[in-house]
1. Quick check on the stretch 16-28: of everything there that is of a type in the set (A, V, I, L, M, F, W, C) and either more than 15 Å from the chain's Cα centre (by Cα) or open to solvent by 80 Å² or more (accessible area, probe 1.4 Å) (or both), which residue is nearest to residue 83 (Cα to Cα)?
2. When you look at residue 31, is it part of a loop (DSSP other than H, G, I, E, B) and closer than 17 Å to residue 85 by Cβ, yes or no?
3. Take residue 77 and tell me if it is over 19 Å from residue 5 (Cβ atoms) and surrounded by 11 or more Cβ atoms within 10 Å (Cβ to Cβ).
Amino acid sequence: MTDPSPRLLPWTAPGGKPCYLFTDDDGGFLSRYADGVEALQLGMGLGLLEHARVLIDDPAADARQLRFLSVQLSAALRDAVRVAQARGAGVSAQVE
């Protein structure tokens, strides 16, 4: 029997350090919870992209609104990259 690979979780520990789950039970509570968090993060990112399209097309949008949007898009992209890494790239690639 081989040891299961660690799963990169969609949240970080204090200080921004990555969290990993070591388990051979993909259907366990924490695995299901992490799946739900990943789905929520990706869904929020999609909603934010739609909002970005509207705001960018609005000539009345000011620098403060666009700066706030860029912060939110940055966070959503970080989450999406973490999900992608967790699902495909393994633990060698980390999001800072």
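The values are calculated or read from the model by the stated rules, or taken from the named source; none is laboratory data. The shown structure was predicted, so the numbers you read here are calculated from the model rather than taken from an experiment. Ideal geometry is used to build each Cβ from the backbone, glycine not excepted, and the neighbour counts take in all protein chains shown. When the accessible area is computed, the model is the full protein with side chains, heavy atoms only, and any ligands, DNA or RNA have been set aside. Shrake-Rupley method; radii C 1.70, N 1.55, O 1.52, S 1.80 Å.
1. Taking the candidates together, the pick is 21.
2. Criteria not met by residue 31.
3. So residue 77 fits the description; yes.
Residue-by-condition table, conditions (1) charged (D, E, K, R); (2) touching an Asp or Glu at 6+ places or on another chain (Cβ under 9 Å); (3) free of Cβ contacts under 8 Å to residues at least 60 places away in the same chain:
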{"position": "7", "(1), (2), (3)": "yes, yes, no"}
{"position": "31", "(1), (2), (3)": "no, yes, yes"}
{"position": "65", "(1), (2), (3)": "no, yes, yes"}
{"position": "71", "(1), (2), (3)": "no, no, yes"}
{"position": "82", "(1), (2), (3)": "yes, yes, no"}
